Protein chains: 2
Amino acid sequence: MIYLDNAATTLKKPDQVIDAVVNAMRTQGNASRGAHNATLSASRVVYDARVKIAKFFNFDTPSNVIFACNSTEALNIAINGTIKEGDKVISTDTEHNSVLRPLYHLQKTKNIDLQFVNADLSGVLDLNQFERICDNKTKVVVVNHISNLTGNVNDIKTISKIAHNVGAILIVDGSQSAGTMLVDVKDLGIDIYCFTGHKGLFGPQGTGGLLVKEGVEVEAFKRGGSGVKTYEEDQPNEYPTRLEAGTLNSHGIAGLSAAIDFINEIGVENIHKKERELTEYFYNEVIKIEGIKIYGDFSSHAAIVSLNVKDYDSGEVSDALSNDYGIATRPGAHCAPRLHIALGTKYQGAVRFSFSYFTTKEELDAAINALKVIAS
Amino acid sequence: MIYLDNAATTLKKPDQVIDAVVNAMRTQGNASRGAHNATLSASRVVYDARVKIAKFFNFDTPSNVIFACNSTEALNIAINGTIKEGDKVISTDTEHNSVLRPLYHLQKTKNIDLQFVNADLSGVLDLNQFERICDNKTKVVVVNHISNLTGNVNDIKTISKIAHNVGAILIVDGSQSAGTMLVDVKDLGIDIYCFTGHKGLFGPQGTGGLLVKEGVEVEAFKRGGSGVKTYEEDQPNEYPTRLEAGTLNSHGIAGLSAAIDFINEIGVENIHKKERELTEYFYNEVIKIEGIKIYGDFSSHAAIVSLNVKDYDSGEVSDALSNDYGIATRPGAHCAPRLHIALGTKYQGAVRFSFSYFTTKEELDAAINALKVIAS
């Protein structure tokens, strides 16, 4: 199988990630519960992972690195924990349902004033519109870093300046950016950065989290055992405990920690460079094929190319790629409803090719050739 | 290290569990996202796990087996998803903070009428009191199956009858019962059973879930991508999707599935019998030691023995066991505040010894001898 669905999950994990999970499953107790060797070993692994993740994203406060089971959970924590009754909230057309559905729910239950920044036919956000609608009533801005559909990189630095000018906090969905490009949360001006472990970071499924900038208040989402302050009726107030009820997935976190070591060994910018080269190569070959339409703005882009072949249903094209050529892609709507409407692909969907550091030029050639046949 | 902290997490996992996780990390894509081989492989593993878990608990509806990252999350989903503004809710003194804290929060935010069934000095619930306070205003009853502090098994069948007599639904915290005893949710009359994967079930951390009886409505807790019905603003209504936003931990679920195979090979009743024998042996030896006080009712009991030595601080005893004898136990309050108050151990805490199928008589002898020295 030629696996070109890395934006869904990276299939190839570095051996050291798997080894770390195995070692954790053989040796680690329950982190932060008691003080014997097995629990201390788990606690150390978890603490080291917080420190490593903080450093990786140039984030100052390891104790504000909160673990969650995926990016969706991280976003639910961030969105539900910061937005209050009646708040004005701005989000964008490029969002995934992991942002949209929590926001739509708050529109119904907390009467929030929810507004969206439009995307154009290339999926590029209208930042002038954003600046116009972002007034001092705006409390929270939620935006994704990289669209999981087009691969466009949103200009977080500019968005942050506009949001901070009016005193709003900025929540960024980093599902597609963590591990695939240099993410400096301080330089970008991000208040809460949500990430998943199993995509660009090459970690195990069941991992992810959020970085909550010091001073930003996020209300507890889940409540439960914390291993400390048992007699308090409320979830303990300090991070990370406030947002981490119950037993952590220290097995998965051990793998995520090893995954970050792997990325650091290569250098995240080298990974980005290689993925960028693969993407440009693929894009430049595919754009020549008659009958193929590619979506997105390739001036600032991740390792994602979404396209359609003529007016063929995207599911049928993806099935043909899988069945006839052994090429794994993802068709359909990609949980990005507003962006499909902006792109005019609500009914057709799109076939998404997404690459990783482990993707080879030969694999891309096979995909390019398959597309030529399908389009002809 | 002699590991006697299995109620926190089982340290020894069967090899086949670790093998299954490794295999999953090498082959599985993102479950229910697209239709190529890697994603289908993940989807099959997840579906098989639902079927297997349903059968294991004698539960009829595999699609209502909902995965969560631990028991705390499952309980948060169940409690927040069923209890409405102003509801009368009954819980008990034997609960863990994963039940208590969500309930206390609803007391503040949804004005629920929260009442507790008292436990006596042995941690046994007063079911006569429960019957008295459980009237037809009662909407939800939340009770744990086995206390994580005393190891007492609550009489779920009787509790269920009383709850169902008044039309209330019964949520059971199965954190300590799943995998350690035969749990027949149909026979016991449980409406929602919450479990974790990493304790008695011998699965990886980051796994767990809830079984929602057909017809029981649980509102979505997290919202996000579902791989289906992208254009619906609400989380899709059908189980399991309603309660499972975002990428599942299919790596962990593969391990949990293998863990259930392991338990089925031995037989859960054989596991229970062996654990019961270990517990009785330990109890009968330790009760003879002067200065040791054991908590709990040993007529119906799990593989947990909590005790104190004279008036020594439980943390100091546990540290001595760990440092001087290499014996891992858990001291302190065990996230069970109401029960410690009932037992009169609020300040002393208790030293908890908890066993698994892999615990040996030799390990227990070492612990018994260590306690003799510490008590003398």
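Rule-based calculations on the coordinates, nothing more; no lab input. Everything quoted here is computed from the prediction, not taken from an experiment. Backbone-built Cβ (ideal geometry, glycine too); neighbour counts: all protein chains shown.
By residue number, which cysteines of chain A lack any other Cys whose Cβ falls under 4.7 Å from their Cβ?
By the Cβ distance rule, which asks for a partner under 4.7 Å, the isolated cysteines are A:Cys134, A:Cys194, A:Cys335.
To the nearest 20 debye, what is the magnitude of the charge dipole of region A:30-157 about its Cα centre, counting +1 on the Cβ of each Lys and Arg and -1 on the Cβ of each Asp and Glu?
600 debye
Where the Cα atoms of region B:139-280 are projected onto their three principal axes, how long is each span, largest first, in whole Å?
57, 41, 24
Can you spot the lysines whose alpha carbon is less than 16 Å from A:Lys229's alpha carbon? Ignore those fewer than 8 places along the same chain.
Filter leaves B:Lys346.
Check region A:87-165 and count each lysine pair with an alpha-carbon distance under 25 angstrom, considering only pairs eight or more places apart or from different chains.
Lysine pairs meeting the criterion: 14.
Positive end of the charge dipole of region A:190-315 (Lys, Arg +1 and Asp, Glu -1 on Cβ, about the Cα centre): tell me which of A:Gly200, A:Val305, A:Ile263 has its Cα farthest that way.
A:Val305
Given a cut-off of under 8 Å on Cα pairs at least six residues apart, what relative contact order in percent is computed for region B:15-266?
So the answer I get is 27 percent.
Sorted from shortest, what are the nm distances separating the label point of B:Asn118 from equivalent points in the other copies, each placed 7 Å from Cα along Cα to C-beta?
Distances to the matching label points in the other copies: 6.7 nm.
What is the distance, in nm, between label points placed 7 Å from the Cα along the Cα-to-Cβ direction at B:Ile133 and at A:Asn165?
5.7 nm
Find which of A:Gly209, A:Ile190, A:Ser175 sits farthest along the positive direction of the dipole of region A:148-293, computed with +1 on the beta-carbon of Lys and Arg, -1 on that of Asp and Glu, about the Cα centre.
About the Cα centre, the residue reaching furthest to the positive side is A:Ser175.
Could you list B:Glu265, A:Glu277, A:Glu244 so that the one with the fewest beta carbons within 10 Å of its beta carbon is first and the one with the most is last?
Fewest to most other Cβ atoms nearby, the residues stand as B:Glu265, A:Glu277, A:Glu244.
Taking every pair of alpha-carbon atoms in chain A, give the share separated by more than 38 Å as a whole percent.
For chain A, the fraction of Cα-Cα distances above 38 Å is 19 percent.
Give me the angle, in degrees from 0 to 90, between the Cα long axis of helix A:314-325 and the longest principal axis of the Cα atoms of chain A, rounded to the nearest 10.
Approximately 80 degrees, to the nearest 10.
Once the label point is placed 7 Å from Cα along Cβ, list for B:Glu277 the distances to the corresponding points in the other copies, in nm, shortest first.
List, nearest first: 6.3 nm.
Tell me the distances, shortest first, between A:Lys137 and the same position across the other copies, using label points 7 Å along Cα→Cβ, in nm to one decimal.
4.1
How long are the semi-axes of the equivalent ellipsoid of the protein assembly as shown, defined as square roots of 5 times the Cα gyration tensor eigenvalues? Whole Å, largest first.
Details: eigenvalues 416, 146, 116 Å².
Computed over the protein assembly as shown, the values are 46, 27, 24 Å.
Please compute the modelled spin-label separation between A:Asn118 and B:Tyr231, points set 7 Å along Cα→Cβ, answer in nm with one decimal.
Label-label distance for B:Tyr231 and A:Asn118, simple model: 2.0 nm.
Give the dimensionless ratio obtained when the Cα radius of gyration of region B:1-66 is divided by 2.2 N^0.38 Å. Walk me through the numbers before you get to the answer.
Values: Rg = 15.2 Å, N = 66, 2.2 N^0.38 = 10.8 Å.
Relative to the rule-of-thumb radius for its length, region B:1-66 sits at 1.41.
Where a Cα-Cα gap under 20 Å defines reach, which aspartates and glutamates qualify for A:Lys310, not counting those fewer than 8 residues away within the same chain?
Those aspartates and glutamates meeting the cut-off are A:Glu285, A:Glu290, A:Asp297, A:Asp319, A:Asp324.
List the aspartates and glutamates whose alpha-carbon lies under 20 Å from that of B:Lys55, not counting same-chain residues fewer than 8 positions away?
Cross-link targets: B:Asp173, B:Asp184, B:Asp187, B:Asp191, B:Glu214, B:Asp261, B:Glu265, B:Glu269.
Points 7 angstrom from Cα along the Cβ direction at B:Glu362 and A:Lys157: gap in nanometres?
It is 6.4 nm.
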